[in-house]
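Taken together, the values in this text are just the output of simple stated rules run on the coordinates, not laboratory data. For clarity, every value in this text was computed on a predicted model and none was experimentally measured. A quick note on method: Cβ atoms are made from the backbone with ideal geometry, for glycine too, and the neighbour counts reach across all protein chains shown.
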Amino acid sequence: MKSCLIVDDSKVIRMVAKKILHELGFNTEEAEDGQVAYDLCKKNLPDAVLLDWNMPVMSGIDFLRELRKLPGGDGPVVVFCTTENDIEHIQEAILAGANEYIMKPFDSEILQAKFTQVGLL
Amino acid sequence: MLRPDDFDYLAKLLKERSGLVITPDKAYLLESRLTPVARQRNLKSIEEVVAKMRGRDESLARDVTEAMTTNESFFFRDTKPFDQFRDTVLPQVMASRAAKKSIRIWSAACSSGQEAYSLAMLLKENAARLAGWHVEIIGTDISVEMLEKAKAGLYSQFEVQRGLPIQFLVKYFKKKDESWQIDSSLRGMVQFREWNLLHELRGLGSFDIVFCRNVLIYFDQPTKSRVLENISRQMPPDGFLFLGGAETVLGISDRFKPVPNQRGIYCLSAGAAPAAATAPVGAGR
Ligand SMILES: C[S@@+](CC[C@H](N)C(=O)[O-])C[C@H]1O[C@@H](n2cnc3c(N)ncnc32)[C@H](O)[C@@H]1O
């Protein structure tokens, strides 16, 4: 079973994502900010990360930059998930090492399509 | 509930005009898709729509036909065919056209243009390989509304999320209000034209590569084989045909045969000469 780390400061979004990802056959872990996510990744790298952009403590983009520096940190497929949808934001995410992005609000169809596209399904 | 004779009238008209087969168990589709048409024209019910159509209202018949087609499409739909196009079919076609340096590609039943633009993006990505080549992409559909959308190249957030790799979005699209518009350079690579697949196809010319995906599924067997046969006449003997995931030529047309080890791709059978031997399907456009 593939694992996905859900990083979002909104409990509701984490719940929605968790439900969808379980249906898609993923094991999930959750983190409410980038720092918690980073600590989890240091212990155990997931196959995928569904990553929010705006979070307190450590933002999505800062987490992503740090994640990619970890040994094996280029492994996880990172899907950025944001309400910001201008090109600059997306470009910044790609530069920081994101594999894909999803614009909120997302649904199960979009998540499934994206995870298929990046080869996780 | 739709009266049986109204249902029959609509079913017959749809089959004739677009090839769409509506069985009685799909009658609810008529209700759900034609109610907006009725409302738009200030008609109270679908019965009134049919009554008006019986009086030979061409523009209403058109709208009804368009409303009944399924236009769903997305970028790089099913992924694999586009990999096959880039890695197998395009190199092969380029090898055999090396002298002419010209290729024509057809997205038959292109809907809002995602398939044609996906191909255009792949060609752009391979621009170096294609330097000095003349590549034409033609998208055709029966739906004027979809073709307008295709020409504008404007897609919603939802649409660009489906299948379009993020790098391509950043590279080839611009944000325009709440939508995303595909680059004018890509729009310039594709030509969109209204064309009914049931009609004579000769006016379109000959295509080295044909994508005809997710449209034959709506037709009955005889219509499928007629359309396939007509498409085969628009292809050179070494052309390639891509069908949708739920479609095949097997048992439907012997003018095509599967390309070994390439799921969903077909080439002309040895016997299928590209000559215009038989009479065309429709009575012209
Ligand atoms: C489901 S879409 C497929 C779009 C695209 N090829 C794909 O695979 O994503 C089917 C399209 O076929 C078009 N269509 C249906 N009947 C047609 C006909 N007789 N001639 C041309 N186009 C037709 C519809 O208007 C619709 O846009």
Going through the cross-link list B:26/B:52; B:101/B:257; B:44/B:176, which pairs have a Cα-Cα distance over 29 Å in this structure? B:44/B:176
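For the stretch B:50-177, what does the relative contact order come out to in percent, with C-alpha contacts under 8 Å and a separation of six or more?
30 percent
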Given chain A, what count of lysine pairs have C-alpha atoms under 26 Å apart, with each pair 8 or more places apart or on different chains? 26
Tally Lys and Arg at +1 and Asp and Glu at -1 over the other residues with C-beta under 11 Å from the C-beta of residue B:149: what net charge comes out? -3
Using DSSP to define loop residues, name the GluC sites (Glu not before Pro) in the stretch A:34-120 whose beta-carbon has at most 16 other beta-carbon atoms within 10 Å. A:84
Of every Cα-Cα pair in chain A, the percent that sits beyond 25 Å: 11 percent
Mind jotting down a quarter of the surface of the convex hull over the alpha carbons of the stretch B:95-244, in square nanometres, one decimal? 9.4 nm²
Residue among B:262, B:190, B:179 farthest towards the positive dipole end of chain B, charges placed on Cβ: B:190
Rounding to the nearest 20 debye, state how big the charge dipole of the protein assembly as shown is about its Cα centre with +1 on each Lys and Arg Cβ and -1 on each Asp and Glu Cβ. 1360 debye
Report the convex hull volume per residue for the stretch A:73-121, counting only C-alpha atoms, in Å³. 70 Å³
So, in Å, what gap is there between the alpha-carbon centers of the stretch B:103-150 and the stretch B:175-214? 5 Å
For chain B, what are the DSSP H helices with axial Cα length of 24 Å or more and mean Kyte-Doolittle hydropathy of at least -0.5? none
Which three extents, in whole angstrom, do the alpha-carbon atoms of the stretch B:4-69 cover along their principal axes, largest first? 27, 21, 21
For B:121, B:1, B:189, order by how many other beta-carbon atoms lie within 10 Å, fewest first: B:1, B:189, B:121
Between the residues B:35, B:10, B:21, the Cα farthest towards the positive end of the dipole of the stretch B:4-69, that dipole coming from +1 and -1 charges on the beta-carbon of Lys, Arg, Asp and Glu, is from B:35
Kindly provide the Kirkwood hydrodynamic radius of the stretch B:187-258 in Å, to one decimal, from all pairs of distinct alpha carbon atoms. 12.9 Å
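Can you pull the percent of Cα pairs in the stretch B:173-213 with separation above 11 Å?
Taking all Cα-Cα pairs of the stretch B:173-213, the fraction more than 11 Å apart is 78 percent.
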For chain B, what class follows from the C-alpha gyration tensor (a ≥ b ≥ c being the square roots of its eigenvalues): rounded when a/c is under 1.5, otherwise prolate if a/b is larger than b/c, else oblate? oblate
Find how many whole Å separate the alpha carbon centroid of the stretch A:79-121 from the alpha carbon centroid of the stretch B:224-249. 36 Å
Residues whose modelled amide H sits under 5 Å from the amide H of residue B:192, counting only those 5 or more places away in sequence or on another chain, are B:139
Exercise: per-residue mean of other protein chain Cβ atoms within 10 Å, B:161-174: 5
Which whole number gives the average, over all residues in A:103-111, of C-beta atoms from other chains lying within 10 Å of the residue C-beta? 2
Dipole in debye (nearest 20) - the stretch A:3-116, about Cα centre, beta carbon charges: Lys, Arg +1; Asp, Glu -1: 320 debye
Work out, in µm²/s and without decimals, the Stokes-Einstein translational diffusion coefficient of the protein assembly as shown at 20 °C, 1.002 mPa s, Rh from Kirkwood over C-alpha pairs. 91 µm²/s
